[in-house]
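Q: If you scroll down you'll find the structure; I have some questions about it.
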């Protein structure tokens with residue numbers, strides 16, 4: 001299960017780079033937040049939870065970078 005969550009978050013991060021509107025980014029953020037909640041609630045292994053958390057944090061960092069206007073796509 002953690003491997004699937006990690007892969008989903010990786011793909012969402014890649015897609016985030018190609019979004020053009022705040023609404024598109026919000027959809028990805030909402031889906032990623034659901035994955036992160038499932039990670040916290042259902043993942044018993046601390047190392048696995050940390051791996052998923054890192055991918056979630058990467059997505060949030062990309063979102064912040066895009067919304068701060070430093071990257072124009």
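The values are calculated or read from the model by the stated rules, or taken from the named source; none is laboratory data. Quantities reported herein were computed from a predicted structural model and do not represent experimental measurements. All Cβ positions, glycine included, derive from the backbone under ideal geometry; neighbour counts span all protein chains shown.
Q: Within region 19-32, count every residue that is touching a residue at least 12 places away in the same chain (Cβ under 8 Å) and assigned to a helix (DSSP H, G or I).
A: Adding up the residues that qualify gives 6.
Q: Could you check how many residues of region 1-18 are surrounded by 12 or more Cβ atoms within 10 Å (Cβ to Cβ), over 18 Å from residue 30 (Cβ atoms) and at pLDDT 95 or above?
A: 1
Q: May I pose another question? Which pairs turn up if I take residues in region 6-18 that are free of Cβ contacts under 8 Å to residues at least 24 places away in the same chain and look for partners that are in a helix (DSSP H, G or I) and surrounded by 13 or more Cβ atoms within 10 Å (Cβ to Cβ) with beta carbon separation below 7 Å, at least 6 apart in sequence or on another chain?
A: Listed pairs, sorted by first residue: 15/28.
Q: Could I ask something else about it? Within region 45-63, is there a residue that is closer than 15 Å to residue 16 by Cβ, surrounded by 12 or more Cβ atoms within 10 Å (Cβ to Cβ), touching a residue at least 12 places away in the same chain (Cβ under 8 Å) and over 8 Å from the mean Cα position of the chain (by Cα)?
A: Scanning region 45-63, I find at least one residue that is closer than 15 Å to residue 16 by Cβ, surrounded by 12 or more Cβ atoms within 10 Å (Cβ to Cβ), touching a residue at least 12 places away in the same chain (Cβ under 8 Å) and over 8 Å from the mean Cα position of the chain (by Cα), so the answer is yes.
Q: Since residue 57 meets every condition but one in (1) touching a helix residue (DSSP H, G or I) at 6+ places or on another chain (Cβ under 8 Å); (2) modelled with pLDDT of 95 or more; (3) over 16 Å from residue 1 (Cβ atoms); (4) part of a helix (DSSP H, G or I), which condition does it not meet?
A: All conditions are met except number (1).
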